[in-house]
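Below: one structure, written as structure tokens.
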Amino acid sequence: MTAESPREKPRSATGIEAGHGCAADRRAYGGLGAVSGPPENQSGHVGAPHVPIRRTAMHRAHLALGARFMEEAAWAIADVYTSPETETRAARAGLGLADVSATTKLGVRGDDVTAVVEKVTGQEAPAAGRALRARVDGAEALVSRLAPDEVLVLTGARHHEVVADLLIRTSGATRCAHVTDLTSTFAAIDVLGPHTLALLEKLVPLDLGHAAVPALGVVQGELARVRAILLRLDHAGLAAFRVLVPRECGAFVWEALCEAGHDLGLTPVGAAGHARLMEGR
């Protein structure tokens, strides 16, 4: 008797293997860190000796660019390359690139995702392919609907514990909704400035214009031949997209964006400049 070939398991929008039905989902999404585990910890240039510091996938690239680092929630984050004023001015005039990988990324999946989102945000859950800005237990958050049964919640690194705790407790009170910490699964990059679309059109074989991807629209496809989630985050009159790719491809994608954006005046933007841009300053 010939053995049957194993069938490939279906995958969720975030690329995690999906089971069939809620029981299988519970095994895959059994709790915070059940799939991805904690981010890679290494001693860094920030903080006291022997204190574990998390580094993003683009850490070496930031060092090569002469970045000065800050520490936030045990992450070594590129804070300034030149000066916040120079970086924000360059982004507003042309194109900026910011590493926002320290952002907390929490996946919620299951048949009761809509109920969880509406409970924790107090707003109507977005449709698939859309996102909403909300406050989750006082923390600013972005809730992106990747599929009818899957959302990705993004919030600041310092809000990780409070937002994760609320999502886990709320999901636990449903019949079928489960949370996974995806912070270490994805590298995240913000592309900002009037030349944002000109850059992305070089690397993304999708229509990213306003008609196809409106404000807070979410699309999934490829960027530089790497699977990516793209979220339009136009803010305070500034064109912007957030790009999430597998962490292991983060350095490659950063380099690809830098190379493609060279003739567009691309400038790396540190955390200080990025905060100014997000505040409209």
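Since every read-out is calculated from the coordinates, none of them should be taken as a lab result. This one's a predicted model, so the numbers in the text were calculated from it and none came from an experiment. Cβ placement follows ideal geometry from the backbone for every residue including glycine, while neighbour counts extend to all protein chains displayed.
Figures for the structure shown
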{"quantity": "Virtual spin-label span in nm between Ala128 and Arg60, 7 Å along Cα→Cβ", "calculated": "3.9"}
{"quantity": "Spacing of the two label points (7 Å from each Cα toward its C-beta) at Ala173 and Ala275, in nm", "calculated": "3.4"}
{"quantity": "Net lengthening on full extension, Arg89/Met70 (0.36 nm per residue, minus Cα-Cα)", "calculated": "4.7 nm"}
{"quantity": "Size of electric dipole in the stretch 47-176: Cβ of Lys, Arg +1 and of Asp, Glu -1, about Cα centre, debye, nearest 20", "calculated": "220"}
{"quantity": "Separation in nanometres of the label points that stand 7 Å from Cα toward Cβ, at Glu222 and Ala236", "calculated": "3.6"}
{"quantity": "Relative contact order %, the stretch 149-281, counting alpha carbon pairs below 8 Å whose residues are six or more apart", "calculated": "22"}
{"quantity": "Per-residue ³J(HN,Hα) for the stretch 236-244, Karplus 6.51 cos²θ - 1.76 cosθ + 1.60, θ = phi - 60°, Hz, x for Gly and Pro", "calculated": "6, x, 10, 5, 7, 10, 9, 10, 10"}
